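Working notes for the structure below.
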Amino acid sequence: MKVEQLGAGASRPVTLQAILRAEATELPFLVVSAPGEGQRVIVLQATDEALWIGRSPACDIPLEGDAVASRTHAELVRTGGDWAVADDGLSRNGTFVGAERVIGRRRLQDGDVVSVGESTLAFRAPRSGVVATTLIGGQLPVRPDVTPAQRRVLVALCRPLLSDPPHHCRHRTSRSPPSSTCPRSRCDHTSKRFSSARTSPTPLCQRPARRSPSRNQ
């Protein structure tokens, strides 16, 4: 990580210039504000994987002037291409993102403010806005309702299909849709020529008896 320490009495233009320099790197960075220490701009490098936050001077991001922060308070962890803050119960007073307490691990988004004791860490990720966030709950797109006029048009278009009786064909399989034609061109219900020429066989009782040859002949 790359740290730029600003004085306790740094003016607003000086702070804005430091933030602009951090944004020019196109890397995520933190603006840390701790009691009695002024502000720090910390650029998170690609080689950084995990950074400890706490009152101990051995932490990667020390908050020595914050008496409310624990010695080992929370951890910043790289998760894929994003960053998350983790609090596994090591802190006494908890870690917050906005007004919500962190339990376990929480992914950080551009503009999130992490509260550790009386210190704040504003997270900035200039390039994170390129990837669309996952939709939740009511944000999911819904199918638009059909207007009454559109419904009448659809009913009128479908009425001829619904009014025709279904054709039954012994050649149609179970997968064939009801409105499909017979797969065989010489089907009984599609060829009138064969249906008109078809006759039923004559019963045996109505057939003429055969004459037996006469012995006198």
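The values are calculated or read from the model by the stated rules, or taken from the named source; none is laboratory data. The structure presented is a predicted model; accordingly, all values stated were derived computationally and were not measured. Cβ atoms come from the backbone with ideal geometry, glycine included; neighbour counts cover every protein chain shown.
The residues on offer are GLN5, GLN45, GLN39, GLN17, and the sole one that is buried (at least 19 other Cβ atoms within 10 Å of the Cβ) and modelled with pLDDT under 95 is GLN39. For the stretch 88-126, the set of residues classified as without any contact (Cβ under 8 Å) to a residue 24 or more places away in the chain and either touching a Leu at 6+ places or on another chain (Cβ under 8 Å) or closer than 16 Å to LEU30 by Cβ (or both) consists of THR95, PHE96, VAL97, GLY98, ARG106, ASP110, GLY111, ASP112, VAL113, SER115, listed by residue number.
Of all residues in the stretch 21-61, those that are over 33 Å from the mean Cα position of the chain (by Cα) and among the hydrophobic types (A, V, I, L, M, F, W, C) total 5.
Identify the residue in the stretch 20-34 that is in a strand (DSSP E or B) and touching a Pro at 6+ places or on another chain (Cβ under 9 Å) and, among all such residues, is surrounded by the fewest Cβ atoms within 10 Å (Cβ to Cβ). Here the residue is ALA34.
Every residue, every condition in (1) of a type in the set (A, V, I, L, M, F, W, C); (2) farther than 18 Å from GLN5 by Cα; (3) out of contact with any Cys (no Cβ under 8 Å at 6 or more places or on another chain), yes or no:
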site: ASP48; (1), (2), (3): no, yes, yes
site: ASP66; (1), (2), (3): no, no, yes
site: ALA69; (1), (2), (3): yes, yes, yes
site: THR79; (1), (2), (3): no, yes, yes
site: ASP82; (1), (2), (3): no, yes, yes
site: ARG105; (1), (2), (3): no, yes, yes
site: GLY111; (1), (2), (3): no, yes, yes
site: GLY117; (1), (2), (3): no, yes, yes
site: THR120; (1), (2), (3): no, no, yes
